[in-house]
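The values are calculated or read from the model by the stated rules, or taken from the named source; none is laboratory data. All values derive from a computational prediction rather than experimental measurement. Neighbour counts run over all protein chains shown; Cβ positions are idealised from the backbone, glycine included.
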Amino acid sequence: MPWGELVIPQLGVGIPIKEFVSDPDTGMSVQLIRYDAGFTNVWHRHNCAHGMYVLDGVLQTHAGSFGPGSFVWFPEGMLMEHGATQDQDVTVLFITNKPFDIRYAFEDERQDEAGRDQQPAT
């Protein structure tokens, strides 16, 4: 199966991906994802829970570093960051419990700033 690309417009990057399963009824999915050395998916959250099974490399997260054979679970709505180390790619099996989405903390900050500029209706 050839590698595809998951484009993340908010970061201006594409992440190598192989989509294995996407259940049309639940939105649950299983994918192979590779983060290139030095890439961190900065602070964000998902409406879906997801697990990452590390196949090779080291997955660096806000909660620590996890090597091959580690399974890391992220609950729905958790603020997180994760990616590769500076000197090595990491490949993970990525499993979601429902449709994938992503919301970056910097997007929430921009929205908060815009809201502060508005005056309440009187």
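Among (1) modelled with pLDDT of 95 or more; (2) at positive phi; (3) under 15 Å from the mean Cα position of the chain (by Cα), there is one condition Gly77 misses while meeting the rest; what is its number?
(1)
Collect the residues in region 62-96 that are part of a strand (DSSP E or B) and not aliphatic (A, V, I, L, M), keeping them in residue-number order. First the steps, then the outcome.
If we filter region 62-96 for residues that are part of a strand (DSSP E or B), which is where we start, we get 64-66, 71-74, 80-83, 90-96.
Gly64, Ser65, Phe66, Phe71, Trp73, Phe74, Glu81, His82, Gly83, Thr91, Phe94, Thr96 - these are the residues of region 62-96 that are part of a strand (DSSP E or B) and not aliphatic (A, V, I, L, M).
Can you tell me which of (1) touching a residue at least 12 places away in the same chain (Cβ under 8 Å); (2) exposed (fewer than 15 other Cβ atoms within 10 Å of the Cβ) is the one Pro24 doesn't meet?
(1)
Determine whether Asp101 is under 19 Å from Gly14 (Cβ atoms) and either part of a loop (DSSP other than H, G, I, E, B) or at pLDDT below 95 (or both). Please lay out each step first, then the result.
Values: under 19 Å from Gly14 (Cβ atoms): yes; either part of a loop (DSSP other than H, G, I, E, B) or at pLDDT below 95 (or both): yes.
Judged against the criteria, Asp101 is a match.
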